[in-house]
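Notes follow the structure.
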Amino acid sequence: MERVVWQIGLLFWLLLCIGCSSSQVHVFDSGLNKAQWTKLLKRLDREGINYKLNTLSSVTEYSHPTLVYFPGDLNAELLQQLTTTVQSLGFERLDVRVFNRHTHFYTKGNLGLYFPVQNKHDALPDLLYSVDCKHPDIRITLMKNGRWRATNHDVAHFTEGHWQYDPPYLTLIHAGKYGQMQQAFKAKQHQVMTLQGPKNATTYQVLGHKSYSLALFNCNLQIIYAEHLD
């Protein structure tokens with residue numbers, strides 16, 4: 001009799017595990033900056049979590065990362081994996097709830113992971129321009145795969161490398177014929193005067209020396225926002 005009970009218990013446990021492993025986490029990642037987004041994908045892949053990215057805008061009422069789940073689809077292991085992942089991105093905690101903002105359930109086998117919309121000033125932009133140096137107007141594109149590319153309308157070729165971002169510090173890394181070099185920048189939020197009046201801007205100011213053979217590394221980098229941001 002005990003053997004039968006044990007076998008039934010084992011079968012029930014296996015069914016639960018199968019159900020949990022097939023659960024899919026829908027990740028609403030529009031609130032993340034590039035560095036967080038890149039790190040998130042690496043962590044989810046490493047943990048073996050079944051996920052699907054959703055580019056729709058995150059729910060603005062969530063002030064912390066929030067996991068919405070179907071009753072019975074969430075187990076302690078998955079919760080721990082997602083909590084650790086969220087905290088590795090710099091968030092304090094992961095909130096968990098059964099209902100979403102419209103008090104609707106997720107269907108069985110589906111969970112929603114929502115990241116709060118952050119201040120746009122704190123997010124790393126896609127595009128920066130060099131300022132405060134002998135080579136202004138260098139265009140620096142920051143790509144989601146962790147690479148950057150710099151172009152100048154006066155020069156046909158481009159320069160590229162890797163970037164790292166740990167707010168408010170941005171680091172650009174370049175490996176060239178003289179070996180690897182890197183420059184660190186610190187973000188400063190302020191206003192600048194334009195032909196259209198004062199605009200909010202973020203300037204990434206050089207922290208290291210300004211005597212690099214790579215001209216870009218001797219410049220501050222800046223983005224000016226088209227609209228006024230609170």
Yes/no for Lys177 being outside the structural domain of Asn33 (by TED's automatic domain parsing), out of contact with any strand residue (DSSP E or B) (no Cβ under 9 Å at 6 or more places or on another chain) and without any contact (Cβ under 8 Å) to a residue 24 or more places away in the chain: yes
Residue, nearest to Lys34 (Cα to Cα), within the range 75-90, restricted to residues that are surrounded by fewer than 18 Cβ atoms within 10 Å (Cβ to Cβ) and of a type in the set (A, V, I, L, M, F, W, C): Leu89
Contacts under 6 angstrom Cβ, first residue in the range 156-171 being more than 14 Å from Val206 (Cα to Cα), partner among the polar types (S, T, N, Q) and surrounded by fewer than 19 Cβ atoms within 10 Å (Cβ to Cβ), 6 or more apart: Phe158/Thr151; Gln164/Thr171
Any strands (runs of 3 or more DSSP E) falling wholly within the range 176-226 and containing at least 1 residues that are surrounded by fewer than 18 Cβ atoms within 10 Å (Cβ to Cβ) and small (Gly, Ala, Ser): 179-194, 197-206
Among the candidates Trp37, Trp6, residue that is at pLDDT below 85 and either outside the structural domain of Asn145 (by TED's automatic domain parsing) or in a helix (DSSP H, G or I) (or both): Trp6
Counted residues, the range 50-64 - those being modelled with pLDDT of 90 or more and within 19 Å of Ser30 (Cβ to Cβ): 3
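The values are calculated or read from the model by the stated rules, or taken from the named source; none is laboratory data. In this text, all values refer to a predicted model and were calculated from it rather than measured experimentally. We place every Cβ from the backbone using ideal geometry, glycine too, and count neighbours over all the protein chains shown.
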